[in-house]
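Chemist: Please read through the structure below; I'll follow up with questions.
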Amino acid sequence: MLIEMVFLNSLTKLLPGRDPQPDDRLRPGDWTALRGERTAVQVALRWRYEPGVSGNSATVYLQLSGPAALSVSRVLPVPVRLPVYPGHDDNILTDRPGLVPDLLQAQEAGAHLAGDAWLLRLTDNQWQVCWLELVVPEVLAAGRQDFRAVVLDAAGERLADGCFDLTVSPAALPPQTLLHTEWFHADCLADYYRVPVRSEAWWQIVGRFLATAAAHGVNLVLTPVFTPPLDTAVGGERTTVQLVDVRRDQDGWSFDLTALKRWVDLARDSGIANLEIAHLFTQWGARATPKIMAWTENGLERVFGWDTPADSPAYRAFLEVFLPRLVASLDEWGLAGHVYFHISDEPSLKDLASYQAARDLVVPLIGDYPVIDALSDFTFYQTGAVTHPIPANNHIEPFLEANVPGLWTYYCCGQHQVVSNRFMAMPSARCRILGVQLYRYRIEGFLHWGYNFYNSQYSVRPLNPYVENDADGAFPAGDAFLVYPGPGGAPQASLRLKVFHQALNDLGALQLLESLIGRKAVNALIDQDLTEPLTFRCYP
């Protein structure tokens, strides 16, 4: 049986039907990591059919050895209908529908071979790529560490083997300082797995998805105090995922925050210490209120929503009771300094007046808790409508020039030209470069809207993200989610999740280097081989 084996760097995306190129291949000394860092390389295997000798496919076992245990995931291609928008730039892998590698399917070691071995089924003349991941142990000796990969048949006969090496730094990766949120859509988990919100099954699933997020650098979670008014058609509704129980009677409003406290504790136990309170007004302009369900004399009913104007006296009266009650609980739970509020997502200049009015209502009611919002018009900052803006990375220059303190940035589907992003059809380097850019501009936070959005645009219907990854043709494949809803209520990772986490590790490594040689020297190293200094728009 003829098996080819090639080791690849972690930035390679090997599209079906293509062969590894010279720059894709892992060379001795290429793979380096700090202690404590989550790092990876890839191995590609190809089997060729031999008439009269072999069957229609080959079952083989991949065996790894070395000074530390590597996990193995198959890199699987997924169907992509909308790879990029029209008018895209040239820094993409493809602009045609087809299969693109993205899903990481964790492999279990084979049981009947001696030692750890992973079962793989190969088909004729097609590369099967595996993601080999290591969280570098703190006790692993600095310097070169050698690993070996061996391919065996079912009888244990050796078919191919090869060696690769990791250079371990004597230093440890420092703790992450960047605030990082990937918006968590808890309603999508209920919809996909068909479990009721707040059922024990739902809580367990939420915990698994939170833990995976935390393990990959997410330290701030969107918290559905009320069902988030995000990507919802005007007049439409998303599945209710409200964590605060509301009651209205002749004495006014009262609140039970038991489920919210359970969410807080679950997030903390998962490793996420910071919360974002879901937006208190509708997206794209703060024109209406979120859907809020309450127990009344008529039973459980919707008391606010699209039919309630943002400046409704009734909603004002509601917030004047609810927000002080919420803040008091956040303080009691030790969350002061760890919670951020939102008014409305992505308002435009025409929405300035309605946004300002909404903010003026909320801010006096939340004490010292900050308000952050994704927006891109500098006028919002100039007028004081927002003091903690989050501009998109293709609109960030005026905010940088104004030296906005504590600046964040974000990207989503609209950032499809020139700047960094992470669509499936983009090369991994375009995702990973963000870490260096965040360092260059001292960015303090990063926001993305799609950790696990499994709906069509405007949440008209739920989708199966394994086959519809573009929100029903609305967003380039991969914009809406970083993890897949795997079997058993557990997330499955994407290449993009792993590579984005590598970008965060790059940021930490550069910060560590700055502590040793100074910021000026680090920036000089970043620029030393570039024709122009690195910016958000200019990068290798």
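Chemist: Per 0.36 nm of contour for each residue apart, how much would the distance between Ala336 and Asp95 grow if the chain were fully extended, relative to their Cα-Cα spacing?
Modeler: Full-extension gain reported as 82.1 nm.
Chemist: Note the full-extension length gain between Asp146 and Asp360 as 0.36 nm times their separation in residues minus their Cα-Cα distance, in nm to one decimal.
Modeler: 71.0 nm
Chemist: Along Cα→Cβ, 7 Å out, is where each label goes; now give me the distance between the ones at Arg519 and Ser254 in nm to one decimal.
Modeler: The answer from the label model is 5.3 nm.
Chemist: Okay, next question. Can you tell me the length gained on complete extension of the stretch Ser348 to Ala68, counting 0.36 nm per residue apart and subtracting the Cα distance?
Modeler: Value of the extension gain: 95.7 nm.
Chemist: Quick one: if the Förster radius is 30 Å, what FRET efficiency do Ala106 and Met5 give, using the C-beta to C-beta distance and rounding to 0.05?
Modeler: The formula returns an efficiency of 0.90 here.
Chemist: Also: Taking 32 Å as the cut-off for C-alpha to C-alpha distance, list the pairs among Lys261/Lys498; Lys291/Lys498; Lys261/Lys291 that go past it.
Modeler: Among Lys261/Lys498; Lys291/Lys498; Lys261/Lys291, the Cα-Cα distance tops 32 Å for Lys291/Lys498.
Chemist: How far apart, in nanometres, would the label points at Tyr441 and Ala215 be if each is projected 7 angstrom from Cα along the Cα-to-Cβ direction?
Modeler: With each label placed 7 Å out from Cα toward Cβ, I get 3.2 nm.
Chemist: Among Met424, Met5, rank each residue by its count of other Cβ atoms within 10 Å, from fewest to most, as a rough exposure measure.
Modeler: Met5, Met424
Chemist: Semi-axes, largest first, in whole Å: what does sqrt of 5 times each Cα gyration tensor eigenvalue give for the range 386-441?
Modeler: Those come to 22, 12, 9 Å.
Chemist: Another question, if that's okay. Based on the Cβ-Cβ distance of Ala155 and Leu15, what FRET efficiency does E = 1/(1 + (r/R0)^6) give at R0 = 30 Å, to the nearest 0.05?
Modeler: 0.35
Chemist: Which cross-chain or sequence-distant (5 or more) residues have an amide H under 5 Å from the amide H of Ala474, H modelled 1.01 Å from N in plane?
Modeler: Long-range HN contacts for Ala474: Gln457.
Chemist: With a point put 7 Å past each Cα toward its Cβ, work out how far Cys163 is from Thr531 in nm, to one decimal.
Modeler: With each label point 7 Å from Cα toward Cβ, the separation is 4.0 nm.
Chemist: Turning to a different aspect of this structure: Taking the DSSP beta bridges in the range 266-378 as the whole, what percent of them are antiparallel, to the nearest 5?
Modeler: Here the antiparallel bridges make up roughly 60 percent for the range 266-378.
Chemist: Where both residues lie in the chain, what percent of DSSP beta bridges are antiparallel, nearest 5?
Modeler: 75 percent
Chemist: Nearest 0.05, what FRET efficiency do Val460 and Asp368 give at R0 = 41 Å with Cβ-Cβ as r?
Modeler: 0.55
Chemist: Continuing with the same structure: According to the square roots a ≥ b ≥ c of the eigenvalues of the Cα gyration tensor, what is the shape class of the range 3-171, taking rounded for a/c under 1.5, prolate for a/b larger than b/c otherwise, and oblate for the remainder?
Modeler: Oblate, because a/c is 1.5 or more while a/b does not exceed b/c.
Chemist: Roughly what percent of Cα-Cα pairs across the chain reach past 33 Å?
Modeler: The calculated P(r) of the chain puts 44 percent of pairs beyond 33 Å.
Chemist: Output the peptides 277-284, 11-18, 520-527 sorted from most to least packed, where packing is the average of other Cβ atoms within 10 Å over each peptide's residues.
Modeler: Going by the mean number of other Cβ atoms within 10 Å, highest first, we get 277-284, 11-18, 520-527.
Every read-out reported here was derived from the displayed coordinates using simple, explicitly stated rules and does not represent laboratory data. For clarity, every value in this text was computed on a predicted model and none was experimentally measured. Note that each Cβ is placed from the backbone with ideal geometry, even for glycine, and that neighbours are counted across all protein chains shown.
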